[in-house]
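The values are calculated or read from the model by the stated rules, or taken from the named source; none is laboratory data. All of these numbers come straight from a predicted model, not from anything done at the bench. With ideal geometry, Cβ positions are generated from the backbone for all residues, glycine too; neighbour counts draw on all protein chains shown. Just the protein is used for accessible areas: all its heavy atoms, side chains included, with ligands, DNA and RNA removed. Shrake-Rupley method; radii C 1.70, N 1.55, O 1.52, S 1.80 Å.
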Amino acid sequence: MSQQKVQQFREEFRQKYISPRYSGPLHFSLTLGTTSLVIFICLWMLSDVTVWEWMTIPITFLYANLAEYLVHKGPMHHKTRFLGLIFQRHTKEHHSFFTKEETTFDGTQDYYAVLFPPVMLVFFFGFFALPVGTLIYLLLSPNVAFLFVFTAVAYFLNYEILHFCYHLAPDHWVSKLPFMKNLRKHHTYHHDQKLMSNYNFNITYPICDWLFKTMYVE
């Protein structure tokens, strides 16, 4: 997609979906503040954690990395009957707003095209973290439950921050960090429309891309 077509799509997207009252920094702060509060509460509720209970963190982390990979590789890039909106929002819109050649924000209103909407926070906490955490609380232990929710929410926040950083300008100081440079490159390849349906589905750390041999390296 040419630069002119990308800019045209961006203007149409902004007019159609982004309210003039929308604030990108406020959206980012809401995500950061809400998730940080949940993380703090989970850590505060821990008591006399055993070695085995601490294992909840790496297990949940790997589970989240796999979930990120499968959801991205599946409904986000292949239209399904009940999850067509996710496909539309990601493949049709996000990948038209940001291409391999045009990866960066034009302004703070463009944060809308990267950050999950606030309703996703309600969905994630209310329909995933809280019910699963409650089940673990009843079946295993309170510590395991709080460590699970802590890790899941921290992973969600990590996802949002990293994805946000990938779309900052290349000369931004964050983009120049050694680890960020490699992760950004991994994600930029995914925004090549010839590659996006087959490679680089991990947004955070390409563990599953490496494991399932879907990592594209130029």
- Note on the structure: Per the list (1) over 17 Å from residue 152 (Cβ atoms); (2) open to solvent by less than 30 Å² (accessible area, probe 1.4 Å); (3) modelled with pLDDT of 90 or more; (4) not β-branched (Val, Ile, Thr), residue check on residue 72 breaks on (1)
- Query: Can you tell which of 121, 43, 115 is surrounded by 14 or more Cβ atoms within 10 Å (Cβ to Cβ), at pLDDT 90 or above and either among the aliphatic types (A, V, I, L, M) or under 20 Å from residue 206 (Cβ atoms) (or both)?
  - Reply: 115
- Residues of the range 75-104 being of a type in the set (A, V, I, L, M) and open to solvent by less than 70 Å² (accessible area, probe 1.4 Å), which ones? 76, 86
- Item | helices (runs of 4 or more DSSP H) wholly inside the range 114-175 containing at least 1 residues that are in contact with a Gly (Cβ under 9 Å, 6 or more places away or on another chain) | 142-166
- Note on the structure: Filtering the range 190-218 down to residues that are touching a residue at least 60 places away in the same chain (Cβ under 8 Å), surrounded by fewer than 17 Cβ atoms within 10 Å (Cβ to Cβ) and part of a helix (DSSP H, G or I) yields 207
- Task: Give the range 142-156 a look and list any residue that's buried (at least 17 other Cβ atoms within 10 Å of the Cβ), in contact (Cβ under 8 Å) with a residue 24 or more places away in the chain and either more than 21 Å from the chain's Cα centre (by Cα) or within 26 Å of residue 26 (Cα to Cα) (or both), or say none.
- Result: 143, 144, 146, 149, 150, 151, 152, 153, 154, 155, 156
- Task: Being aliphatic (A, V, I, L, M) and over 18 Å from residue 155 (Cα atoms) is the filter here, so list the residues in the range 19-52 that pass it.
- Result: 26, 45, 46, 49, 51
